[in-house]
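Q: Here you go, one structure.
Just so it is clear, none of the values below were taken in a lab; they were calculated from the coordinates. Treat the numbers as computed from the prediction; the structure is a model and nothing was measured. Neighbour counts run over all protein chains shown; Cβ positions are idealised from the backbone, glycine included.
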Amino acid sequence: MKEVKKLGINTTCVHVGEVKDEQFKGAVSPIYPATSYAFDGVDVKRYPRYFNTPNQEMLHKKIAALEKTEDALIFGSGMAAISAALMAFLKKGDHVVVQQVIYGGTYNFIVSEFDKYGIEYSFTESDKIADFKSLIKKNTKVLYIETPSNPLLGITDMNAISALAKENGILTMIDNTFASPINQNPVEFGIDIMLHSATKYMGGHSDISAGAIAASKTHIEQIWKTAINFGGNLSDQTVWLLERSLKTLNLRVKEQTKNAQIMAEYLEDNKDVDNVYYPGLKSHPQFNLAKKQMKGFGAMLSFELKEGIDAMKFQNNLQLIKPSMSLAGLESTTVSPTQTTHALLSEEERLSRGIKNGLIRFSVGIEEVKDLKEDIEQAIKKAKS
Ligand SMILES: *Cc1c(COP(=O)(O)O)cnc(C)c1O
C-alpha cells in the first residue's frame, strides 16, 4: 500500500487495511476466524481478545487512516471503546471534566461506575470553554467532549479545548460518532483520543454493533493494556462486515450530509415547523465555529413542530421515514428524545436543557429528498387533523 496520506478519501475507504488474499487472489479480504494461532517462532501472540487477528490488525489501519492518527482499535460496541478509553487513563483519586450534553450511555457509565473506583467527575453546565476551565482541578486527568452533541447539535470548540488541556497537562477525548471521520478529524485540532460508536455511520446499515478508538501509537498502546482485561473485542466476522461497510463510508456520509442540509433548509422554511437545529444553518448559534472545524455539517438534525401538531402522531404517520432509537443508518429515521433518550429526566430538567416536548431528532439517510419532503408533508397533514 502506498503512503496513506496521499490517497484520496474514497481510495482510503476501499483499499487501506485490506487483508490480501495471497492464496487465491480474491478481490476482497478473506476472513481469518481462528482463535488459536501457532506460538512457535512467532513474535506476535495472536488472539482475538488481544485485538491482533489479521482482520482486526488490518482494519485498525483503515480506521487510523480515516481519523488521520497513527493507530486505532476496534471494539464490540461504542460503549466498549468509550469505557476502555476512560478506564485506561483514570485511576483512584483522578478527576475528569465531562461535557454536560453527552450520549446517555456514557453519562450512565460515568455516574454508575466511577464512584466504585474512586474516580471523581464534574459535568459542565454547557459546551462553553469557561465552564470546562472553571472545573479543572489539580487531579483532573481528562477533558471529555462530544461535538456535535445530541439532540440539539451543539458545537464545542475543539481548538480551545485542546489548548486548555495542553496548558494543564490534561488528556482530551472526543466522541466523534455524530460527525464521523468524514465530516470531522479532531486530531487536526489537537484532540488526543477519538471515540466512535461504529454501530452508527461506520457500520451505516443498522446491522452491526461495534466501536472504535483512534489515537497515537503511545495512547493506543496504553488503552490496549486495559482493553485486553475488559475483553471488549469484536468478532472477526463482524470486523469483516465493518470493513465492507467502511468501503462506502465517504459515499454514504457525503450523500447523507448533502441531504441533511437540504432537509434542514426545507424544514426551516416550513410554516408548520418551529426551530430547526442543524450546524449547517446560518441560524445555528455556532454556525461559524462548525464551519471552522467541520468538513461537512453532518446528517443529524432536530426540529420542533409548531404548537398543536402532535409529535408522536406525526411520527406514527410517516411512511418512509422510520421511527428508530438508533441513528446514522442509510435509511432516514426519527426519534422523540422526550420519549426515549431523555425520558428519565423530568420535564423541567429537559426544558432547562432546551429539549421541548415536540422535539424530533432526524437522522437523514440517502433517500431522494423529494421523497423525504413528501413523507413529512403528508404526516404533518395527518398530525394536524
Ligand atoms: C450510539 C452511541 C454511542 C454508544 O455506542 P454503542 O455502539 O451503542 O455502544 C456512543 N456515543 C454516541 C454519540 C452514540 O450515538
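Q: Using a/c under 1.5 as the rounded threshold, could you call the range 211-250 rounded, prolate or oblate? The axes a ≥ b ≥ c are square roots of the C-alpha gyration tensor eigenvalues, and prolate needs a/b larger than b/c, oblate otherwise.
A: Judged from the Cα gyration tensor, the range 211-250 comes out oblate (a/c at least 1.5, b/c at or above a/b).
Q: Now a separate question. Label-point separation (nm) for Phe39 and Ser283, each offset 7 Å from Cα along Cα-to-Cβ?
A: Simple spin-label model gives 6.4 nm for this pair.
Q: With charges only on Cβ, +1 for K and R and -1 for D and E, what is the dipole size of the chain about its Cα centre, in debye, rounded to 20?
A: 500
Q: Rounded if a/c is under 1.5, else prolate if a/b beats b/c, else oblate: with a ≥ b ≥ c from the C-alpha gyration tensor eigenvalues square-rooted, which is the range 275-385?
A: oblate
Q: Please find the FRET efficiency linking Tyr47 to Ser216, where r is the Cβ-Cβ separation and R0 is fixed at 25 Å, and quote it to the nearest 0.05.
A: Approximately 0.55, to the nearest 0.05.
Q: Please find, in a Gaussian network model of the chain (springs between Cα atoms separated by less than 10 Å), the residue of Gly358, Gly78, Gly104 whose mean-square fluctuation is greatest.
A: Ranking Gly358, Gly78, Gly104 by mean-square fluctuation puts Gly104 first.
Q: Let me ask another. Which of the listed residues, Met300, His284, Leu251, is farthest toward the dipole's positive end in the range 251-384, when Lys, Arg count +1 and Asp, Glu count -1 at the beta-carbon?
A: Leu251
Q: By the gyration tensor of its Cα atoms, with a ≥ b ≥ c the square roots of the eigenvalues, what is the shape of the chain: rounded for a/c under 1.5, prolate for a/b over b/c, or oblate?
A: Oblate is the answer for the chain, as a/c is 1.5 or above yet b/c matches or exceeds a/b.
Q: Taking amide hydrogens as modeled 1.01 Å from N in the peptide plane, which residues meet the under 5 Å criterion relative to Ala210, leaving out close sequence neighbours?
A: Gly78, Ala198, Thr199
Q: Out of all DSSP beta bridges in the chain, what portion is antiparallel? Express it as a percent rounded to 5.
A: Taking every DSSP beta bridge with both residues in the chain, the antiparallel ones total about 55 percent.
Q: Let me ask something additional. In the range 133-269, if every C-alpha pair distance is counted and binned at 10 Å from zero, what percent goes to each bin?
A: 10, 34, 35, 16, 4, 0
Q: Next up: How would you order 280-292, 147-159 from highest to lowest mean count of nearby Cβ atoms within 10 Å?
A: In descending order of packing, they fall as 147-159, 280-292.
Q: Mind giving me the FRET efficiency for Ser122 and Lys92? R0 is 22 Å, r the Cβ-Cβ distance, nearest 0.05 is fine.
A: Calculated transfer efficiency: 0.85.
Q: What trypsin sites (Lys or Arg not before Pro) in the range 29-93 are in a loop by DSSP, with at most 16 other Cβ atoms within 10 Å of the Cβ?
A: The qualifying sites are Lys45, Lys68, Lys91, Lys92.
Q: Farthest toward the dipole's positive end in the range 84-180, which of Gly104, Thr124, Met87, given Cβ charges of +1 (Lys, Arg) and -1 (Asp, Glu) about the Cα centre?
A: Met87
Q: If I model a spin label as a point 7 Å beyond the Cα along the Cα-Cβ vector, how far apart are those points for Asn108 and Lys292 in nm?
A: With each label point 7 Å from Cα toward Cβ, the separation is 3.6 nm.
Q: Could you give each residue of the range 191-198 its phi-based ³J(HN,Hα) in whole Hz, using Karplus coefficients 6.51, -1.76, 1.60 with θ = phi - 60°, and x for Gly or Pro?
A: Calculated HN-Hα couplings, in order: 6, 7, 10, 9, 10, 9, 7, 6 Hz.
Q: Another one. Report, in deg cm²/dmol and to the nearest 500, the calculated mean residue ellipticity at 222 nm for the chain, where each DSSP H run with n ≥ 4 adds -39500 (n - 2.57) and the sum is divided by the residue count.
A: -11500 deg cm²/dmol
Q: Also, quick follow-up: If you count, for each residue, the other Cβ atoms within 10 Å and average over each peptide, how do 342-348, 205-211, 312-318 line up from highest to lowest?
A: The peptides rank, most packed first, as 205-211, 312-318, 342-348.
Q: Could you pull out the GluC sites (Glu not before Pro) across the range 1-64 that fall in loop regions by DSSP (anything but H, G, I, E, B) with no more than 10 other Cβ atoms inside 10 Å?
A: Glu3, Glu22
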